[in-house]
Amino acid sequence: MTRAIIHVDMDAFYAAVEQRDHPAYRGRPVIVGADPRAGKGRGVVAACSYEARAFAVRSAMPISRAYRLCPRGIFLPIRMDRYEEVSGRIFGIVRRYTDLVEPLSIDEAFLDVTGSRRLFGEAVVIGERIKAEIREHEGLTASVGVAPNKFLAKIASDLEKPDGFVVVRPEEVEAFLRDLPVARLWGVGEKTGAILRGLGIQTIGELSRWPEEALCRRLGTVGEQLHRLSRGIDDRPVVPEAMAKSMGAETTFAVDCEDLRRIRQSLLRLAERVSARLRREGLAGSTITVKIRFADFTTLTRSLTLPAPLALTDEIYHPALSLVHKVPLEGRKVRLLGIAVSKLTPKASPGQMPLFPSDPRRENAARAVDEIRRRFGEAGIVRLSLLSPGSREGGR
């Protein structure tokens, strides 16, 4: 049986959510990421609307450059909790049609609907229904590719963004790939692309006509992979979602920081963000990792594994703070600070009870804080230690 694979990719997801939530932003260039600070900001663009892309703004671009390209753009902070909330509902839609869902990111996934066709109709019908339901229920557009394998479905969803819908039937594969640039192939970066151009290969069709042995002599094992892809062959299965290996958060200071109080406060904010994500996913972790990048871009990481999984803010913050204290900071300016929790397990999974189990009242209080912030934003409730410059170390 020919497989039926769908690739769903949300269009400019973070920026689209902001435009949906704030009607005044619709039709205007929206740039989500770090504070540009009038062109002197640090950090990068996390996402941008298609209106911003018309000014050559792109994801991962330094935010200072984005400001110079589009000074009248609407620059917004990342609201990850909001994007994850919307993403959860979108994934709920796609899972109505198949259990074989492989998320690639918060806004992108492969679906294997081979076994769903008897119940819902052909893959094209399923793709159209998913696209329509996302628009109806979330007011957002998705680009969808339908094809016999993951490689072809991914290319198909990219071709007509935004709001695209491209179908590649088995008998159309050769014609579909023939005139596309070789850069569309997975594994073709700058170096490999330069080698292929040196061989006179510009398109996927041209690559497919080269003998596999000749490609392998020049490219090694990559040559075999590219030869298969150039003929539309991709046998990789859709792998359903596995548990995340780690959850983390990081922040880049607007000005390199040597104020230990500010570093502690930033660490506490990061612990809050990671803790909220762990609760939302029903997870806990036993390894804490702290990442510190200095003004000269030297980066250090320190890790600590605890005897029992944890998820609450204080449980993350205090071990993280102990790791920071082990790093010589005197006379050094910190550019970036991060926390990650790994060795994750389901919070409700059976197993040995920790020696000092979390107080249920603290967990209930944490969930109440999550709900307040979900409804009123991050400023809806703030720890006193993050408001008062003269307060003692955060964490309570």
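Odds and ends about this structure:
- Every pair of residues 6+ apart whose Cβ atoms lie under 8 Å, when the first sits in the stretch 38-55 and is within 14 Å of Ala16 (Cα to Cα) while the second is of a type in the set (Lys, Arg) and not in a helix (DSSP H, G or I): Cys48/Arg58; Ser49/Arg28; Glu51/Arg28
- Verdict on Gly200 being in contact (Cβ under 8 Å) with a residue 24 or more places away in the chain, outside any helix (DSSP H, G or I) and at positive phi: no
- When residues in the stretch 159-181 are screened for being in a loop (DSSP other than H, G, I, E, B) and in contact with a Ser or Thr (Cβ under 8 Å, 6 or more places away or on another chain), 7 of them pass.
- When Gly390, Gly380, Gly395 are checked against the criterion of being within 20 Å of Glu250 (Cβ to Cβ) and at pLDDT below 60, Gly395 stands alone in meeting it.
- Options Arg302, Arg261: the member that is farther than 23 Å from Gly33 by Cβ and either at pLDDT below 90 or not in a strand (DSSP E or B) (or both): Arg261
- Output for the stretch 170-191, where each listed residue is at pLDDT below 90 and farther than 15 Å from Arg228 by Cα: Gly189, Glu190, Lys191
- Flag for Arg273 being more than 17 Å from the chain's Cα centre (by Cα) and not hydrophobic (A, V, I, L, M, F, W, C): no
The values are calculated or read from the model by the stated rules, or taken from the named source; none is laboratory data. All figures in this text were calculated on a predicted structure; none of them were measured in a lab. As a convention, Cβ positions derive from the backbone with ideal geometry for all residues, glycine included, and neighbour counts pool all protein chains shown.
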